[in-house]
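Contents: one structure, followed by commentary.
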Amino acid sequence: MALTALEKHERDAVAVLPAAAHEFFASGSGDEVALDEATAAWARHRLRPRVLRDVGEVDLTSTLLGCGLNHPIGVAPVGYLGLAHPDAEPAVAAAAREQGALYVASTRASTALEDIAAVAGPWWFQVYVMRHRELTERLVERAVAAGARALVLTGDTPFVGIKRRVGSQRIAIPDETFLVNLARHLTGDAAVGRAGAEQDPTATLEAIGWLARMSGLPVLVKGVLRGDDAVACLDAGAAGVVVSNHGGRQLDRSVATPFALAEVVRAVRERPRAAGEPRPAVLVDGGVRSGVDALVGLALGADAVLVGRPVVWGLATGGQAGVHEALAALRDDLAHAMALAGAPSLADLDASLVVPARD
Ligand code: FNR
């Protein structure tokens, strides 16, 4: 079978990246069960297409928390993209902008967030609650000033998951890279150094309201895998959730995201909303490698889908053009799949299109 553009990038990235960098991006935590199951889980869904609908034009536009998008498959936050290509985050942000896709910048970006913002279209900023709360505040203030349209609070990383595959050749992220977005806020106080910039494992749901009040931006919580947890996040002030198991890099054997998505969507839709409260957003990521994978996620109720590693492999092999190619391939593949499913717009995608595969 001919390889897709994404498969070619994934194959070629092995050749262009130093082995340790490739392992850093590719690896999962623990026994890599969650990593291995991620893509296969999308393929465990089957489609129930509609016939004879006018699909001469397929419309992929949407509005997500006030951001107008032309492409419902956006870029997940991925740290240290400078290890993949010298053009790093700005190349990815620019490629996403070219196609009207959402870009989520990581707190662990290897480029100053102002330099990313300068070339980005609609972008969101991913935050961790760091041990040193003032560092978190300074960073969020900068993201707001630079034009971030929402914050994505990653909730599944009280500690970084242990990657067993990265053994002797483990990449040591140098301080200047780890702290690229933080260094200017550091004082001489050692506690505010690298340790202060690490995730605070004592953070709770209260951080959601804290970030929302401080920034004035919508806050989404990333890493949600349960309906009751989604409701708890929304009750604590979240504007949405990202159904994610961190690309299989945090708790190994976490449920694959397509299997968590329907439960989360149901719980979010059934939750009573306060007067004037906007409809919460639900996004999903993890193992999405084709338009049909994305179609399943959108049909199961996601407002948008995010991809991580496909963007890394595109960046590694072709810089901005490589990321452009990966996102364009996903968009074309999704549009084609929607046409064959009889769905000319994102509003035509609903859960009735999807059934579990029979064994
Ligand atoms: C990530 N991810 C991630 N998430 C986050 O909230 N902040 C971060 O800094 C990072 N960094 C990061 C680095 C690397 C190398 C990877 C592979 C992933 C998780 C990411 O946002 C997303 O959840 C997954 O990558 C989605 O899975 P796929 O598309 O990579 O299979």
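The values are calculated or read from the model by the stated rules, or taken from the named source; none is laboratory data. Bear in mind that the values here come from a model prediction, so they are computed numbers and not experimental data. FYI the Cβ positions are ideal-geometry reconstructions off the backbone, even for glycines, and counts take in every protein chain you see.
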> If you scan segment 316-359, which residues turn out to be among the β-branched types (Val, Ile, Thr) and in contact with a helix residue (DSSP H, G or I) (Cβ under 7 Å, 6 or more places away or on another chain)?
Replying inline: Thr317, Val323, Val354
> Out of segment 297-311, which residues are over 17 Å from Ala5 (Cβ atoms) and within 7 Å of the ligand (Cβ to nearest atom)?
Replying inline: Leu306
>> Let me confirm something: among Leu35, Leu60, which residue is under 19 Å from the mean Cα position of the chain (by Cα) and over 26 Å from Gly248 (Cβ atoms)?
In response: Leu60
> Mind checking which pairs have a first residue in segment 230-249 that is closer than 28 Å to Ala26 by Cα and a second that is assigned to a helix (DSSP H, G or I) and among the aromatic types (Phe, Trp, Tyr), Cβ under 9 Å, 6 or more apart or different chains?
Replying inline: none
>> For segment 90-108, give me each residue that is within 14 Å of the chain's Cα centre (by Cα) and away from the ligand (no atom under 11 Å from the Cβ).
In response: Val92, Ala93, Ala96, Ala101, Leu102, Tyr103
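From the list Ala172, Ala143, Ala148, Ala118, pick out the single residue that is modelled with pLDDT of 95 or more and either within 19 Å of Phe25 (Cα to Cα) or out of contact with any Ser or Thr (no Cβ under 9 Å at 6 or more places or on another chain) (or both).
Numbers: Ala172 fails: modelled with pLDDT of 95 or more; Ala143 fails: either within 19 Å of Phe25 (Cα to Cα) or out of contact with any Ser or Thr (no Cβ under 9 Å at 6 or more places or on another chain) (or both); Ala148 fails: either within 19 Å of Phe25 (Cα to Cα) or out of contact with any Ser or Thr (no Cβ under 9 Å at 6 or more places or on another chain) (or both).
Going through Ala172, Ala143, Ala148, Ala118 in turn, just one is modelled with pLDDT of 95 or more and either within 19 Å of Phe25 (Cα to Cα) or out of contact with any Ser or Thr (no Cβ under 9 Å at 6 or more places or on another chain) (or both): Ala118.
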> For Ala5, which of the numbered conditions (1) modelled with pLDDT of 95 or more; (2) under 22 Å from His246 (Cβ atoms); (3) within 16 Å of the ligand (Cβ to nearest atom) fails to hold?
Replying inline: (2)
>> Can you confirm whether Ala26 is aliphatic (A, V, I, L, M), within 11 Å of the ligand (Cβ to nearest atom) and closer than 27 Å to Thr257 by Cβ?
In response: yes
> Within segment 252-268, which residues are more than 20 Å from Ala351 (Cα to Cα) and within 13 Å of the ligand (Cβ to nearest atom)?
Replying inline: Ser254
> With Gly314, Gly291, Gly286 as the choices, which residue is out of contact with any strand residue (DSSP E or B) (no Cβ under 7 Å at 6 or more places or on another chain), within 16 Å of the ligand (Cβ to nearest atom) and under 17 Å from Ala256 (Cα atoms)?
Replying inline: Gly286
> Within segment 24-48, how many residues are touching a Leu at 6+ places or on another chain (Cβ under 9 Å) and part of a helix (DSSP H, G or I)?
Replying inline: 4
>> I need the full set of residues from segment 322-358 which are small (Gly, Ala, Ser) and within 13 Å of Ala294 (Cβ to Cβ), in order please.
In response: Ala326, Ala329, Ala335, Ala337, Ala341, Ala343
>> Criterion first (under 17 Å from the mean Cα position of the chain (by Cα) and under 28 Å from Leu135 (Cα atoms)) does Pro77 satisfy it?
In response: yes
